[in-house]
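To start, the structure under review is shown below, and the notes come after it.
None of the figures in this text is laboratory data; all of them are computed from the coordinates on show. Everything numeric here is computed off the predicted structure, so don't read it as measured data. Counting neighbours? That spans all protein chains shown, and the Cβs are built from the backbone with ideal geometry, glycine included.
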Amino acid sequence: MSSRNGHDSKKRRPPALQPHVLFMPPIGDDFDGSDEDAATVERETLEYNVFGTKPVEEERLFWYRWIAGHQISFLLWRAMHDVVRHHADEDADRPGERELDLLSACIDGYSTTLLYSSTVPRELYHADIRARMALQHPAFSGTWAPDYRGVRRLFRSNLPWQEDGSCAALDEAVARNEVTHSHIADHLVPDGHSLLQKSVGAPGVSISREKEDLYDNFFLTVRRPVSHAEFVAQLDARIADLAADLKHNGLYPNVDGQHYPVVTQQSDEVMRPLVSDILQVLDRAARLVSDMRLEEARR
Ligand code: HEM
């Protein structure tokens, strides 16, 4: 059987680990009007080993994980924004059950990509990834992520309906995400200072269009009209590539005979289930994102 990325799945050739350009709609734009259906593909298996055995080319692998993990997060944020924007006003209805499911699934999906991207050994993160971000801009920061803007209130539990009892699962997903982000930040940068915090007082710490563009450029993201079918296909392709990577290299790859676990026995219990469930969580999120559009089209 030949998979979409051209790998023969039976022979299991090593995955290409090649980041791709991500096309995203300009911020504030709807999807390009096209009614094509965008169904997600069936995945062969959602199993992988936590600890990898095959030696890896570390710079290539972790660079790829950093870019691909972020791109999947951008796609999930955008999918969440499509729900949130209909329920953002003071007097807006709260989201329905399916919409709440989608929000929780996408937030958990984002938590898994935080974990996936941060499997890089700390030393390599500082020498390579963080150094490249600092060269892009000395105050490079997640706060510049253009697609996050539309969901920031959701992550801060600031939407009027979030206190409702029907949002318990969503609250848990938000809390899990907060724990995950702060855990991986402490894990990779134990001194606790982000590039943004380090450069406080330096010129240009506010967010501008230019910084959003720098952020997009760094993560190989190009803004142009995108149909929902193309959006779903890009999400799907990235999850397929991530699955191929996990199956070949494990979540914690073998780097010169060593493993660098992010979540340990001592880590917060909240995060531990994410370790073995990355593919289930992402697969579910992708299905809900794809189905939601089909349901909207049928209304
Ligand atoms: C693994 C990928 C990561 C993603 C996708 C990510 C994403 C984000 C996002 C979207 C924000 C903005 C939150 C808001 O505006 O409310 C943010 C802020 C922040 N992130 Fe991350 N983050 C990641 C890794 C890290 C790491 C490794 C650190 C370690 C220092 C870190 C530290 C921070 C801090 C301190 C903030 C607050 C604002 C700032 O000082 O930059 N993050 N992050």
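Can you list residues from other chains, or at least 5 along the same chain, whose modelled amide H is less than 5 Å from the amide H of A145?
none
Where Rh denotes the Kirkwood radius from the mean inverse Cα pair distance, what is Rg over Rh for segment 45-140?
1.10
As an exercise, use a Förster radius of 35 Å and the Cβ-Cβ distance of D256 and R152 to find the FRET efficiency, rounded to the nearest 0.05.
For D256 and R152, the calculated efficiency is 0.35.
Tell me, what is a quarter of the convex hull surface for the C-alpha atoms of segment 210-267, in nm² with one decimal?
One quarter of the hull surface, i.e. the mean projection, equals 6.9 nm².
Is the shape of segment 150-267 best called rounded, prolate or oblate, per the rule: a/c under 1.5 gives rounded, else a/b larger than b/c gives prolate, else oblate, with a ≥ b ≥ c the square roots of the Cα gyration tensor eigenvalues?
Rounded.
For the residues S208, S104, what sequence is obtained by ranking on other C-beta atoms within 10 Å, fewest first?
Final ranking by Cβ density, sparse to dense: S208, S104.
What percent does the relative contact order of the chain come to when contacts are Cα pairs within less than 8 Å and at least six residues apart?
Once divided by the residue count of the chain, the mean separation gives 40 percent.
Using 0.36 nm per residue, how much length does the chain from I27 to R287 gain when fully extended, once their Cα-Cα distance is taken away?
Answer, rounded to one decimal: 91.3 nm.
If you take the square roots of the eigenvalues of the alpha-carbon gyration tensor of the chain and sort them as a ≥ b ≥ c, do you get rounded (a/c under 1.5), prolate (a/b over b/c) or oblate?
rounded
With θ taken as phi - 60° and the coefficients 6.51, -1.76 and 1.60, list the Karplus ³J(HN,Hα) couplings across segment 192-197 in order, rounded to whole Hz; mark glycine and proline as x.
x, 10, 6, 4, 4, 5
What's the longest bit of the chain with no exposed GluC sites (Glu not before Pro), using DSSP loop states and at most 14 other Cβ atoms within 10 Å as the test?
91-268
For D32, what residues show an amide H to amide H distance below 5 Å, using hydrogens built from the backbone and excluding near sequence neighbours?
V226, S227, H228
Under the rule of at least 5 residues apart or a separate chain, name every residue whose amide H is placed under 5 Å from the amide H of G52.
L251, Y252, N254
Only helical DSSP H runs with n ≥ 4 go in: add -39500 (n - 2.57) per run for the chain, normalise by residue count and round the 222 nm mean residue ellipticity to 500 deg cm²/dmol.
Helix-only estimate at 222 nm: -16000 deg cm²/dmol.
In whole Å, how far is the Cα centre of segment 185-259 from that of segment 87-156?
Cα centres, segment 185-259 to segment 87-156: 9 Å.
Using the Cα centre as the reference, give the magnitude of the dipole from point charges on the C-beta atoms of the chain (Lys, Arg: +1; Asp, Glu: -1; all else neutral), rounded to the nearest 20 debye.
Computed about the Cα centre, the dipole is about 980 debye.
Considering only DSSP states other than H, G, I, E and B, which trypsin sites (Lys or Arg not before Pro) in segment 100-206 qualify as loop sites with at most 12 other Cβ atoms within 10 Å?
Filter output for segment 100-206: R156.
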